[in-house]
4 protein chains.
Amino acid sequence: MNSFGVIFRVTIFGESHGRSIGVVIDGCPPGIPVGPEDFKPDLVRRKSGRKGTTKRQEPDLPEILSGIYKGFTNGAPLAIITTNKDKISSDYDEFVDIPRPGHADFVAKTKYSGFADLRGSGHFSGRITWGLVVAGVIAKKISKDAVIAAKLISAGGSTDIERAINKAVKENDSIGGIIECRVKNPPKAIGEPFFYSFESAVSHLVFSVPAIKGIEFGSGFAAAAMKGSVHNDPFIDKNGKTSTNNAGGINGGITNGNEIIFRVAVKPTSSTGVEQTTFNFATKKMQTLTVKGRHDTCIALRMPVIIEAVTAIAMADLMLIDRGIYFHH
Amino acid sequence: MNSFGVIFRVTIFGESHGRSIGVVIDGCPPGIPVGPEDFKPDLVRRKSGRKGTTKRQEPDLPEILSGIYKGFTNGAPLAIITTNKDKISSDYDEFVDIPRPGHADFVAKTKYSGFADLRGSGHFSGRITWGLVVAGVIAKKISKDAVIAAKLISAGGSTDIERAINKAVKENDSIGGIIECRVKNPPKAIGEPFFYSFESAVSHLVFSVPAIKGIEFGSGFAAAAMKGSVHNDPFIDKNGKTSTNNAGGINGGITNGNEIIFRVAVKPTSSTGVEQTTFNFATKKMQTLTVKGRHDTCIALRMPVIIEAVTAIAMADLMLIDRGIYFHH
Amino acid sequence: MNSFGVIFRVTIFGESHGRSIGVVIDGCPPGIPVGPEDFKPDLVRRKSGRKGTTKRQEPDLPEILSGIYKGFTNGAPLAIITTNKDKISSDYDEFVDIPRPGHADFVAKTKYSGFADLRGSGHFSGRITWGLVVAGVIAKKISKDAVIAAKLISAGGSTDIERAINKAVKENDSIGGIIECRVKNPPKAIGEPFFYSFESAVSHLVFSVPAIKGIEFGSGFAAAAMKGSVHNDPFIDKNGKTSTNNAGGINGGITNGNEIIFRVAVKPTSSTGVEQTTFNFATKKMQTLTVKGRHDTCIALRMPVIIEAVTAIAMADLMLIDRGIYFHH
Amino acid sequence: MNSFGVIFRVTIFGESHGRSIGVVIDGCPPGIPVGPEDFKPDLVRRKSGRKGTTKRQEPDLPEILSGIYKGFTNGAPLAIITTNKDKISSDYDEFVDIPRPGHADFVAKTKYSGFADLRGSGHFSGRITWGLVVAGVIAKKISKDAVIAAKLISAGGSTDIERAINKAVKENDSIGGIIECRVKNPPKAIGEPFFYSFESAVSHLVFSVPAIKGIEFGSGFAAAAMKGSVHNDPFIDKNGKTSTNNAGGINGGITNGNEIIFRVAVKPTSSTGVEQTTFNFATKKMQTLTVKGRHDTCIALRMPVIIEAVTAIAMADLMLIDRGIYFHH
């Protein structure tokens, strides 16, 4: 199930230590200008290199295999790949018998009957999100009037994010974070009842991204403690502008034209330098495990651009689906 | 987009004040015993009648049109409907010009160019979840070893739910709530990377249900404030049991066999008896609006069974998809 | 797998002798005028009653459960059913042990482990095509500039169709036929490479209809014996009109604006009054079988309207998919 | 719409003269042995080089980017590409204004608003079927007990195929052909009513392949001229073997265990060396056109392996879908 989308359809492939990873982007309208340099800004935002991110260094250069002709999308699917360069696969041998707590090692082994590639977490690696960011660049061109911006608003429970990360690095531990995504000037009236609401599309994609544990739209969990008379957003003009925005820009699963707002919770990276005591499935005994490898202290640092990408993908698909366009717009 | 599921596929139809509402359940294995009485317990849990729920009384009796033969599923799709009886449609006329804050009136009118049926919120009504509960009854029979139980754990910000509801009724206002869903003995190793993770499937369905504003799995938003060394769940036996369960039973989007735990945030019902000031799109002026009609004070009261239903639907679909079964299990 | 279509999505349900049969039509643009009487002309064309058709008489009246409001589609799915009235189910008991040659009895029993409803062929019955015709009526309104016309051009190998049917009735046997479908003024440039070509969409639907054994577009099988210099259709004007039409209006899986032409082969009804010798799976011996029941001598007589319906369904879906619309039309 | 399949899902990409072409194969069970050499026999059968095929020579070597680990499928999607080497793109410039009769030039230009890559027919090229053959190799491993064999049974209307091709080469023209595909020992009881019958799945895929104009199963178009008493296939043993096989191994859209038989009609290659008179869309005048480039005299020569591939893909998907397996097999 490595594809998502109804019309604008993204297919992802690759393993962390395999030959290449990539993405196929289907259903893209023809005539959209795309150059190799267009991917750079978002790919740079996803890269490691800052404090708190892994030492693995990948050039991440996109190779466009198809779908672009003379600088424009040509109506055929785009296939874009990048080659994995900086792999140290020996780090992963022991995790077959001692699956890392919090990782996919155990479920991958179970589900795929021992055939899964566990090196660098294989197909479960955050590395696979490279293709999402690439697809997001295209998707942003489709919903080009919208301004999508996600940022990390807390890490390890603190809004002083730099300090929280420094502390975690010093403790050789990892920390989680919360990302907020806002879309100004979103396309109005997208989202398809009953089963492809705007929130359904976005949350479906968001929970495909490794390490996400929660999502809330508008006032979110806080809404559960509110009264209706306070939570409701009164309309104040003929465009449907509302005076408050507890709905996060969505009513009945459909965008109402106000700013879209949602937040996602990112768990701390499962790989932590702290020694853990866990089960060895070969010896059938508990034992200590120290995960070496190279890992992100706070994977949430690299995620805002990924959250933007999946938001753009959801919006592009919903825009292309909206059949009201066909007859009435 | 009124269908969901890859193999076990649910299609929903109907409007709140239309002739009938219903559901088609496709992809159900043959040979599952189903009688009309099987739907009763879950449908009763969804019904109004308790304090804090609407005065609209619907018999909600399921009419099975197809898919059952001699008391068993026959391999063909089940179509099950119920007739809307207790409709008072005159209540809704003014909402064309004065869309109710927090409701789908505005977006429905915009998206469907004025052709939407707004009576009782039409296809956006919580009434449409009747079909989800019916499909959930079938889905629970497919994942029959699992024990799914959802309950309201807070309302209006308080764990004393009865008191919170009494207060809201007295104030003629509405309140939200938080529902927790747990699945004991879940099927192990279901969930499909990259785009149909267990969380993606569940959240997609959950956000199809009207009034949901957030979802979190396991430690959820609290995970964002935790260290990896604390959040990770160490394995403690050969079945993959973990000593803690911050993951909520899911790693890498795949169930690990431990209890599945997630929570959803339900906003306060948009219909509240409190007077609101909002925009009149005909007069182009702000005005007061008092929503009459019959409404739930706390729609979250009726939702645990709906959350169970969508969980069962997601699990049934993921079980039937799992191709590992075919070759190795 | 009882649904078809990407945006305009048709879901079919029911068994020949069940309570009701029906169809859910999703993805229909809002604002299309639909009245109950609109279904009559096409449903009448599908009905039995003429010489050569079954004596089973069904009123076939459509009950619209949802999706229409004040005479127009409202953006929500249409659910339309009809009740089975004229059932004689005792005719079918013996076919469990002695599956009728040419029928689905054997495969249904095998696939559904004995739980299938074989009465009147259950979900495999031609009766289920009622829902296709109903969906076709809506689909024709979407592709309203196109004129779709299918007719029976031969029966039992003869173009004197009446005579062929009279002969078959007298022999108490059944006969097949060939239906030709033409679409004048079709929507131009619909069809989606690589896997949803116009022919793929139409043939997929056509082969869902019971009793179809072949389909050919344009010159079809005759093309295999032609030279390229003869088969190619030269363009003769700026609209893309061609002087010949061996392509049947389709190049590269996409409509070129010329008349669409295809033919389908319908086998003789499997139920024939002639005695057959076949295997009894209970006694494990060969024996004679005379199929009673009420059956069509030439099921192809009732099929032109069904072929039109599936053509319209395919066209409607492809029109709503075409993303070129979004940016450039 | 460059993906096909529900569980076993094939996504195709690339243009004839682009950087690379390829395929993503998703939903493949883990643990299937796959080596690079496994693709060779089928890819060789698809290659040019024989008399009657194009002079374009492509090494066609598959590069496996993902999905294989230690010689086995690992549960993640396979991505396999090959690089286009032998391109002469200057041949195609004039076809923008003078679309070649029988080709996709005209529809591609119309549908994609002038942005399509027409070089070598771009995404419409038969070259794109390389990915189908690669996917077919994997699919054949899933349905490994079945023996799928397709062959060219006539060309240019003659069963003396060599002679027909020699004649066409001499005339500098192209010819069509008929391919018959048979599956011995097919999986029994696959095919999903109502909309994913065995014939629907196969025909959908077959009509994705360029140049196909018709398909018939079993007795096919000849059935239209037969009586039911002759066409019906009596059962003769407890496994469901039938004495005749007019059904081509399929009843009610489901395989009955007998040999599957179908034939497809392939039109003559649109590119022919014979001079044609057609419309120039720039000058708005008719003119002569001689298509140079390098082309197949009889593209049907290279197609049997493609027809086998799509048959295997359809079978693999239907096998993995069959939910009867889950509960009863």
Selected from A:ASP26, A:ASP38, A:ASP105 as most flexible by GNM, with chain A as the system and alpha-carbon contacts under 10 Å: A:ASP38
at B:PRO59 the sorted inter-copy label distances (label 7 Å from Cα on Cβ side), in nanometres, are 2.0, 7.3, 7.5
Listed residues C:ALA282, C:GLY49, C:ALA139: farthest to the positive end of the dipole of chain C (Cβ charges): C:GLY49
Explain nothing, just compute: Karplus ³J(HN,Hα) = 6.51 cos²θ - 1.76 cosθ + 1.60, θ = phi - 60°, for every residue of segment B:232-246 in order, whole Hz, x for Gly and Pro. 4, 9, x, 6, 10, 8, 6, 8, x, 4, 10, 6, 10, 9, 5
May I ask for the angle, rounded to the nearest 10°, between helix D:161-171 and the longest principal axis of chain D, with both axes built from Cα atoms and the value confined to 0 to 90°? 10
If I ignore ligands, DNA and RNA and count only protein heavy atoms, how much of B:CYS298 is accessible to a 1.4 Å probe, in Å² to the nearest 10? 0
Defining a contact as two alpha carbons under 8 Å apart and six or more residues distant in sequence, what relative contact order in percent does chain D show? 23
Please list the non-local residues whose amide H lies under 5 Å from the amide H of B:HIS17, H modeled 1.01 Å from N, same-chain partners needing a gap of 5 or more. B:GLY122
For peptide A:127-138, how many partner chain Cβ atoms fall within 10 Å of a residue's Cβ, on average? 1
Per-residue mean of C-beta atoms belonging to partner chains within 10 Å, peptide A:82-95: 0
To the nearest hundred square angstrom, how large is the accessible surface buried between A and D, total for both chains, probe 1.4 angstrom? 3000
Kindly identify segment D:85-179 as rounded, prolate or oblate by the Cα gyration tensor criterion: order the square roots of the eigenvalues as a ≥ b ≥ c, call it rounded if a/c is under 1.5, otherwise compare a/b with b/c, prolate if a/b is larger, else oblate. oblate
What are the residues whose amide H is under 5 Å from the amide H of C:THR54, where those residues sit 5 or more places off or on another chain and H is modelled from the backbone? C:GLY49, C:ASP296, C:THR297
Over chain C, with the other protein chains present, what is the accessible area per residue in square angstrom, probe 1.4 angstrom? 31
May I ask you to report, in nm to one decimal and beginning with the shortest, the distances from A:LYS285 to the same position in the other copies, taking label points 7 Å along Cα-to-Cβ? 7.1, 8.5, 9.4
Roughly how big is the protein assembly as shown's charge dipole about its Cα centre, with Cβ charges of +1 (Lys, Arg) and -1 (Asp, Glu), in debye to the nearest 20? 0
Percent RCO, i.e. relative contact order, over segment D:1-140, from Cα pairs under 8 Å lying at least 6 residues apart: 32
Per the rotation taking chain C to chain B, min distance Cβ-to-axis on chain C (residue, whole Å) equals C:THR11, 2
Cross-link candidates for A:LYS151: which aspartates and glutamates have Cα within less than 12 Å, leaving aside residues fewer than 8 places away along the same chain? A:GLU180, A:GLU308
Tabulate in residue order the Karplus-calculated ³J(HN,Hα) for segment A:311-318, using 6.51 cos²θ - 1.76 cosθ + 1.60 with θ = phi - 60°, rounded to whole Hz; enter x for Gly and Pro. 5, 5, 4, 4, 5, 4, 5, 5
Sorting check: for C:182-189, B:299-306, A:244-251, B:143-150, which peptide has the highest mean count of neighbouring beta carbons within 10 Å, and how do the rest follow? B:299-306, A:244-251, C:182-189, B:143-150
Per the Debye formula with a single identical scatterer at each Cα and no solvent contribution, what log10 I(q)/I(0) holds for segment C:209-329 at q = 0.14, 0.20 Å⁻¹? -0.82, -1.19
What is the sum of charges around A:ASP233, taking Lys and Arg as +1, Asp and Glu as -1, for the other residues whose C-beta is under 12 Å from the C-beta of A:ASP233? +2
Treating only Lys and Arg (+1) and Asp and Glu (-1) as charged, each at its beta carbon, one finds that chain B has a dipole about its Cα centre, in Debye to the nearest 20, of 400
With runs of 4+ DSSP H residues as the only contributors, calculate the mean residue ellipticity of chain B at 222 nm using -39,500 (n - 2.57) per run, divided by the residue total and rounded to the nearest 500. -6500 deg cm²/dmol
List B:LYS140, D:LYS70, ordered by accessible area with a 1.4 Å probe, largest first: D:LYS70, B:LYS140
Highest first, please rank the peptides D:277-286, A:126-135, D:168-177 by the mean number of other Cβ atoms sitting within 10 Å of their residues. A:126-135, D:168-177, D:277-286
Taking every residue in B:164-175, how many Cβ atoms of other protein chains lie within 10 Å of its Cβ, on average? 2
Flagged as over-length at 18 Å C-alpha distance, from C:LYS227/D:LYS167; A:LYS47/A:LYS85; C:LYS47/C:LYS70; A:LYS51/A:LYS167, the pairs are C:LYS47/C:LYS70
Along the Cα→Cβ direction, 7 angstrom out, place labels at D:LYS85 and B:GLU94. What is the inter-label distance in nm? 7.8
Excluding D:ALA168 itself, calculate the net charge of residues whose Cβ lies under 12 Å from the Cβ of D:ALA168, where each Lys or Arg counts +1 and each Asp or Glu counts -1. +1
How long are the semi-axes of the equivalent ellipsoid of chain C, taking √(5λ) for every eigenvalue λ of the Cα gyration tensor, in whole Å from largest down? 35, 26, 18
With a 10 Å cut-off between alpha carbons and a GNM built on chain C, which of C:GLY114, C:GLY293, C:GLY67 moves the most? C:GLY114
Ignoring ligands, DNA and RNA, please state the percent of accessible area on segment A:3-328 from carbon and sulfur, probe 1.4 Å. 53
Treating the Cα atoms of the protein assembly as shown as identical point scatterers in vacuum, please give the log10 of the normalised Debye intensity I(q)/I(0) at q = 0.04 Å⁻¹, two decimals. -0.22
Note on segment C:197-259: C-alpha Rg/Rh, Kirkwood Rh, two decimals, gives 1.02
List of segment C:278-300 residues, accessible area with partners at least 50 Å² below that of the chain alone (1.4 Å probe): C:PHE279
The ³J(HN,Hα) series, computed from each phi in segment B:37-48 with the Karplus coefficients 6.51, -1.76 and 1.60 at θ = phi - 60°, rounded to the nearest Hz and given as x for glycine or proline, is 5, 5, 7, 4, x, 6, 5, 5, 5, 7, 5, 7
D (µm²/s, integer) via Stokes-Einstein for segment D:1-124, Kirkwood Rh across alpha-carbon pairs, 4 °C, 1.567 mPa s: value 78
Between the label point of B:GLY114 and that of the same position in each other copy, find the distances and list them shortest first in nm, with every label point placed 7 Å from Cα along the Cα-to-C-beta direction. 3.6, 6.1, 6.8
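The values are calculated or read from the model by the stated rules, or taken from the named source; none is laboratory data. Every value quoted in this text rests on a predicted model; they were computed, and no experiment measured them. Note: ideal-geometry Cβ built from the backbone for every residue, glycine included; neighbour counts use all protein chains shown. In case anyone asks, the SASA skips ligands and DNA or RNA and just uses the protein heavy atoms, side chains included. Shrake-Rupley method; radii C 1.70, N 1.55, O 1.52, S 1.80 Å.
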